[in-house]
Amino acid sequence: MHGLMQDWPLNCHRILDHAATYHGEREVVSRLVEGGIDRTTYRALRERALKVSQRLQGEGIRRGDRVATLAWNTARHLEVWYGILGIGAVCHTVNPRLFAEQLVYIVNHAEDRILFTDISFVPLVEKLKDSMPSLKKVIVLTDAAHLPEAEIELIAYEDWLAEADGDFAWESFDENCAAGMCYTSGTTGVPKGVVYSHRSNVLHALVANQPDMLGLSSRDRVMPVVPMFHANCWSICYGAPMAGAAMVMPGPKMDGASIYELLDSERVTVTAAVPTVWMMLLAYLEETGARLPHLQRVVIGGSACPRAMIETFQREYEVEVIHAWGMTETSPLGTLCTLKPEYAGLTGEERLNIQEKQGHPPFTVEMKIADDMDAPLPWDGKTFGRLKVRGPAVARAYFKGEGGALLDEEGFFDTGDVAHIDRYGYMQITDRSKDVIKSGGEWISSIELENVAVGHPAVAEAAVIGVADEKWGERPLLVVVAKAGAALTKEELLDFMAGKVAKWAVPDDVAFVDEIPHTATGKIQKTALRERFRDRSAANA
Ligand code: ADP
């Protein structure tokens, strides 16, 4: 016997219909790439998104065709995003911070037909266009007056859009059709295409909006500092319109002063980004004495959020930190660290102990930890193993079958992370399996050491890599960027760490550097650090 409810496909564009109908006046505010602030509403944005669909269809774009965006977070990018998926085409968000070869590789691999980009990326596209034969058109998200001169043919978005009369309706199609595509940034091998469906995106946004997750509501003003090209924008481009929350789009500027300016002038209540962004904001606040009276929650993920960062936001600025873990392959939200009743009463250090964890999964995400033989490990908050996940918004394969079969016998995806889970289901990442340091018989968590090191007041950023060691196989090397003007010695830092981590985990050596390299998604680029300190490794081996 079947249920007798209506067939209402979970198409992503229905989210924008909902926002335009029931939250039509809610603002979408953008810092324009051309300079200045633009204000629009969900109602107006939907009208323009429909025009994008109409124009794309006129360009011959059909269901399943890939259309790329290489752009900052703005309302124009958002209307293009919805315009693409509203006719069943696939919105492929490309990360402009990738190396040129990777960028060419993924555009060619995805066979993108049209590219929407910002004026800031025109020089890059100009250089690469000839190596991307599938690209027929480059449309620049600006008006004719701001269109830069270039060697390749460029189309001004506003002119292109003006050719549509807007007399158009979205298409309706099977909810399992592809909606979006995002390549993993290739920190671990060649980039691989993750393909989201309409259904997975809608489910993921519904789940992400729950009170124990991002908890968005129509009273919120949300600023995704996390770029739209980073892992599906952490659900926010769907979740905010679904909840009727206003959106504040930071455009090209992510430095501390610019982010602060929007947080303040636009009265942002919730925001989300990787730790490096918040490092810049906190440094700005410290320097200027500025406060954050409107901001209620900050979602921090993409790499481990240092304990000191959680503490500073909460103690100094009364902003609640929600530590989050996820991957491009998990849409991306996998776990969020909000406090269940079991932990809600904790204060001080005990509370931070929990908030440092990556958190618990919502309904639709199942987790397990397993040893190398795939045997399940206990949830005791200390036994660690491979973290695996399963759910309707978790990838089962990569585009074009790259990487082969992804799932284990029970249908779980191996995240490549090493983690433990406690009895209440709070997961904590100890490392990426490739970064864990194997010293003697012990595994040393690079994340734990990094977190302790950045707790020192003179440390701006820290990274830990394994270097070869004759006796132990591998030993941790602590790489540190000291805060401007701070006089910090190796001995002082190692003394500070002793007692805060197991004795054998304290690094033997510290390398002071001016800068730590980051990947295109803002993670510490350990491969580059290992390369840089290869000699040290060789000398010890
Ligand atoms: P890429 O792998 O392409 O850089 P992703 O954003 O998909 O891009 O990276 C996912 C990985 O990032 C996770 O597998 C995990 O190693 C790391 N990660 C994400 N969030 C956290 C977090 N809160 N703490 C520790 N690691 C994290």
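Only the coordinates and a few stated rules stand behind these numbers; no lab work does. Note that the coordinates shown come from a computational prediction; the quantities given were computed from them, not determined experimentally. Please note: Cβ atoms are built from the backbone with ideal geometry, for glycine as well, and neighbour counts cover all protein chains shown.
Of the peptides 376-386, 429-439, the order by per-residue mean of other Cβ atoms within 10 Å, starting with the highest, comes out as 429-439, 376-386. Binning the C-alpha pair distances of segment 436-540 at 10 Å intervals from 0 yields a P(r) profile of 15, 50, 32, 3 %, listed from the shortest bin outward. Sorted largest first, the principal axis extents computed over the alpha-carbon atoms of the chain equal 71, 63, 46 Å. When you filter the trypsin sites (Lys or Arg not before Pro) in segment 161-259 for DSSP loop state and at most 11 other Cβ atoms inside 10 Å of their Cβ, you are left with Arg219. For the chain, the antiparallel share of DSSP beta bridges with both residues in that region comes to about 55%. Taking every alpha-carbon pair under 8 Å whose residues sit at least 6 apart, segment 102-219 reaches a relative contact order of 18 percent. Counting only lysines at least 8 places from Lys253 when in the same chain, those with an alpha carbon closer than 20 Å to its own are Lys523.
Shown for segment 13-202 is the translational diffusion coefficient from the Stokes-Einstein equation, using the Kirkwood radius over Cα pairs, a temperature of 25 °C and a viscosity of 0.890 mPa s: 146 µm²/s.
Across all directions, the average flat footprint of the convex hull enclosing the Cα atoms of segment 92-241 is 11.3 nm².
Note the per residue figure in Å³ for the convex hull of the C-alpha positions in segment 361-432.
Working: hull volume 6.7 nm³, N = 72.
In segment 361-432, the Cα hull volume divided by residue count equals 92 Å³.
Taking only the Cα atoms of segment 297-365, the radius of gyration and Dmax are 12.0, 35 Å.
Which value at 222 nm does the chain reach when only helices count, each DSSP H run of 4 or more adding -39,500 (n - 2.57), with the total divided by all residues and rounded to the nearest 500 deg cm²/dmol? Display every interim value, and only then the final one.
Details: 17 runs with 153 residues, N = 541.
Helices in the chain give a 222 nm mean residue ellipticity of -8000 deg cm²/dmol.
The simple spin-label model puts a point 7 Å past each Cα toward its Cβ; for Glu286 and Ser433 those points are separated by 3.7 nm.
Protection proxy ranking of 391-397, 176-182, by the mean of other Cβ atoms within 10 Å over each peptide's residues and highest first, is 176-182, 391-397. Entry note, segment 330-426: relative contact order of 29 percent, from Cα contacts under 8 Å with a spacing of 6+ residues.
Mean sequence separation of contacting Cα pairs (under 8 Å, at least six apart), scaled by the length of the chain, corresponds to a relative contact order of 10 percent.
Taking the Cα centre of the chain as origin and charging only Cβ (+1 Lys, Arg; -1 Asp, Glu), how large is the dipole, in debye to the nearest 20? The partial results should precede the final answer.
Details: 55 positive and 75 negative charges, 106 e Å.
The dipole magnitude comes to about 500 debye.
Report the one residue of Thr338, Ala458, Asn11 whose Cα lies farthest in the direction of the positive end of the charge dipole of the chain (charges on C-beta: Lys and Arg +1, Asp and Glu -1; origin at the Cα centre). Positive-end residue among those listed: Asn11.
Of the peptides 410-421, 285-296, the ranking by mean beta-carbon count within 10 Å, highest at the top, reads 410-421, 285-296.
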